[in-house]
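Beneath this line is the structure, given in structure tokens, with notes to follow.
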Amino acid sequence: MSTIAVLGTFDTKGEEHAYVANLIRERGHEVLLIDAGSLDPPSIVPDVSREELVAATGTDLAAFVLRRDRGEAVKVVSEGAAVVVAKLAAEKKIHGIVSLGGGGGTAIGTAAMRALPVGFPKLMVSTLAASENVPTYVGVKDVVMMPSVVDVAGLNRISRPIFANAAGAICGMVETQVSSSDDKPIIAASMFGNTTDCVNQAKLILEEAGYEVLVFHATGTGGRAMESLIESGLVSGVLDLTTTEWADELVGGILAAGSTRLEAAARNGVPAVIAPGCLDMVNFGPRDTIPKKFSGRLFYEHNPQVTLMRTTPEECSHLGRILAEKANLSTGQCSVLIPSQAISIISAPGQPFHDSDADQVLFAAIKSNLRKDIEVQEISASVNDPEFSRIAAETLLAFLQVETTESV
């Protein structure tokens with residue numbers, strides 16, 4: 001039997017959470033009710049009170065109650081919920097979490113869920129589940145957002161089946177057992193459609209050597225998720241061959257991963273092999289959504305939803321410097337590999353984004369700004385050639401062998 005946390009603002013949405021809690025109990029699971037309300041008294045009796053959430057943040061409870069500011073309350077209760085729920089999960093006192101909410105409830109519920117590890121069942125039924133702000137609430141965690149369709153404001157012919165589905169979904173997640181290969185050391189790798197062959201070939205070599213390779217799609221969220229995993233200390237090595245998110249960060253594309261992309265491995269001493277994969281492209285949505293300031297640039301329609309823009313020599317100069325500066329932060333072993341023939345499928349000779357001048361500016365900027373003690377290998381191959389994949393994988397394996405030897 002598992003225990004599922006039902007977290008919500010029980011002053012305004014107690015009835016709805018009680019309904020979900022009862023359905024969970026009918027499935028044979030225990031329920032832990034956590035009140036995240038802040039203004040009026042809860043309409044159902046919680047197992048964990050709002051006062052406990054506030055206390056977890058170190059906030060003065062008397063001052064908190066006296067203030068009665070909704071915005072401040074949501075902020076404090078969100079922080080407290082994250083602390084309390086993470087502790088409950090670490091102590092194996094809960095095995096899943098579900099919440100229902102509008103704007104404030106979604107902020108609180110997802111803050112708690114983002115504090116939980118990947119793989120821990122988490123479901124947010126929200127009025128904002130179909131909004132453009134979903135990435136803000138999900139972050140880099142596997143929070144499932146279910147649209148409430150109608151507001152979370154009572155039980156009716158629409159909300160009942162949706163809330164019932166939510167109860168069934170969280171129970172199903174908790175009941176599912178997954179076997180894993182937790183004994184294998186982890187390697188994190190970055191991949192894009194234009195570097196798929198490269199990473200897949202390297203992945204086979206690394207897996208044959210006894211590693212589990214986790215591949216992250218370099219779409220902004222993927223890069224942030226990879227950085228977060230590296231920060232957690234679970235990763236033994238990094239194969240960062242698709243650094244394209246920096247092109248979006250610099251130029252203004254839609255798949256940026258933030259200014260700290262490429263820093264986690266460097267700052268934590270994790271062995272890394274880096275390449276300028278897909279720095280020839282900036283990502284936008286459909287053609288008619290591209291900002292007018294980019295009119296006249298070279299574009300390629302990857303699919304109806306994604307339009308790529310070729311980076312210029314000036315942008316490549318900046319990108320090369322940035323990649324080198326991030327590598328220069330390395331406190332562990334690091335090598336930069338340059339595929340001199342093509343950095344993506346469409347930058348190869350005869351392809352739409354082939355621009356040898358821009359590529360050479362990129363390569364020169366990397367080499368001139370890179371720390372002298374960091375190895376740079378310029379390989380006469382395309383990023384997707386088997387030879388480049390082999391060298392990338394073997395370079396990382398050599399680093400990992402040194403790490404293993406030194407730790408013995």
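When the stretch 169-206 is limited to residues that are over 22 Å from the mean Cα position of the chain (by Cα) and hydroxyl-bearing (S, T, Y), the one that is nearest to S232 (Cα to Cα) turns out to be S179.
The condition (being surrounded by fewer than 20 Cβ atoms within 10 Å (Cβ to Cβ), free of Cβ contacts under 8 Å to residues at least 40 places away in the same chain, over 25 Å from G172 (Cβ atoms) and acidic (D, E)) is satisfied by just one residue among D47, D69: D69. The condition of being at pLDDT below 95 and not basic (K, R) holds for only one of V215, V140, that being V140.
Every condition in (1) of a type outside the set (A, V, I, L, M, F, W, C); (2) in a helix (DSSP H, G or I); (3) touching a strand residue (DSSP E or B) at 6+ places or on another chain (Cβ under 9 Å) holds for K93 except the one numbered (2). Just one of the listed residues (A81, A73) is at pLDDT 95 or above and on the phi < 0 side of the Ramachandran plot, namely A81.
Conditions tested, residue by residue: (1) basic (K, R); (2) over 25 Å from D151 (Cβ atoms); (3) modelled with pLDDT of 95 or more.
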{"site": "T12", "(1), (2), (3)": "no, no, no"}
{"site": "Y19", "(1), (2), (3)": "no, no, yes"}
{"site": "N22", "(1), (2), (3)": "no, no, yes"}
{"site": "L66", "(1), (2), (3)": "no, yes, no"}
{"site": "D69", "(1), (2), (3)": "no, no, no"}
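Considering V77, V83, the condition of being assigned to a helix (DSSP H, G or I), surrounded by fewer than 21 Cβ atoms within 10 Å (Cβ to Cβ), among the hydrophobic types (A, V, I, L, M, F, W, C) and touching a helix residue (DSSP H, G or I) at 6+ places or on another chain (Cβ under 6 Å) is satisfied by V83 alone. Condition check: in a helix (DSSP H, G or I) and in the same structural domain as N283 (by TED's automatic domain parsing). Does F388 satisfy that? Criteria met by F388. May I ask you to verify whether V213 is surrounded by fewer than 23 Cβ atoms within 10 Å (Cβ to Cβ), of a type in the set (V, I, T) and either in a helix (DSSP H, G or I) or in contact with a Leu (Cβ under 6 Å, 6 or more places away or on another chain) (or both)? For V213, the condition - surrounded by fewer than 23 Cβ atoms within 10 Å (Cβ to Cβ), of a type in the set (V, I, T) and either in a helix (DSSP H, G or I) or in contact with a Leu (Cβ under 6 Å, 6 or more places away or on another chain) (or both) - is met.
In the set (1) in a helix (DSSP H, G or I); (2) among the small types (G, A, S); (3) without any contact (Cβ under 8 Å) to a residue 60 or more places away in the chain; (4) surrounded by 20 or more Cβ atoms within 10 Å (Cβ to Cβ), the condition left unmet by S38 is number (1).
Does I94 fit the bill of being of a type in the set (V, I, T), surrounded by 14 or more Cβ atoms within 10 Å (Cβ to Cβ), touching a helix residue (DSSP H, G or I) at 6+ places or on another chain (Cβ under 6 Å) and free of Cβ contacts under 8 Å to residues at least 60 places away in the same chain? Considered against the rule, which asks whether it is of a type in the set (V, I, T), surrounded by 14 or more Cβ atoms within 10 Å (Cβ to Cβ), touching a helix residue (DSSP H, G or I) at 6+ places or on another chain (Cβ under 6 Å) and free of Cβ contacts under 8 Å to residues at least 60 places away in the same chain, I94 comes out as no.
Of all residues in the stretch 153-181 being more than 21 Å from G96 (Cα to Cα) and not in a helix (DSSP H, G or I), which is modelled with the lowest pLDDT? Among residues in the stretch 153-181 that are more than 21 Å from G96 (Cα to Cα) and not in a helix (DSSP H, G or I), the one modelled with the lowest pLDDT is S181. Selection of first residues in the stretch 150-177 that are among the charged types (D, E, K, R) and of second residues that are assigned to a loop (DSSP other than H, G, I, E, B), restricted to Cβ pairs under 7 Å at least 6 apart or on distinct chains, gives the following pairs, ordered by first then second residue: D151/G102; D151/T127.
Could you say whether any residue in the stretch 254-266 is assigned to a strand (DSSP E or B), among the basic types (K, R) and assigned by TED's automatic domain parsing to the domain that holds E227? No - not one qualifying residue is present in the stretch 254-266. Residues of the stretch 289-346 that are over 27 Å from the mean Cα position of the chain (by Cα) and assigned to a helix (DSSP H, G or I): K292, K293, F294, P313, E314, S317.
All conditions in (1) within 19 Å of T195 (Cα to Cα); (2) loosely packed, with under 14 Cβ neighbours inside 10 Å hold for S368, with the sole exception of (1).
You will find that of R297, R287, the residue that is in contact (Cβ under 8 Å) with a residue 12 or more places away in the chain and more than 16 Å from L255 (Cα to Cα) is R297 and no other.
Here A55 clears all of (1) among the small types (G, A, S); (2) modelled with pLDDT of 95 or more; (3) farther than 19 Å from M124 by Cα; (4) in a helix (DSSP H, G or I) except the condition numbered (2).
Say whether the condition of being without any contact (Cβ under 8 Å) to a residue 60 or more places away in the chain, out of contact with any Gly (no Cβ under 8 Å at 6 or more places or on another chain) and exposed (fewer than 15 other Cβ atoms within 10 Å of the Cβ) is met by at least one residue in the stretch 3-21. There is no residue in the stretch 3-21 that is without any contact (Cβ under 8 Å) to a residue 60 or more places away in the chain, out of contact with any Gly (no Cβ under 8 Å at 6 or more places or on another chain) and exposed (fewer than 15 other Cβ atoms within 10 Å of the Cβ).
The values are calculated or read from the model by the stated rules, or taken from the named source; none is laboratory data. A quick note: this is a predicted structure, and the numbers were derived from the prediction, not measured. All Cβ positions, even for glycine, are placed from backbone atoms using ideal geometry, and neighbour counts span all protein chains on display.
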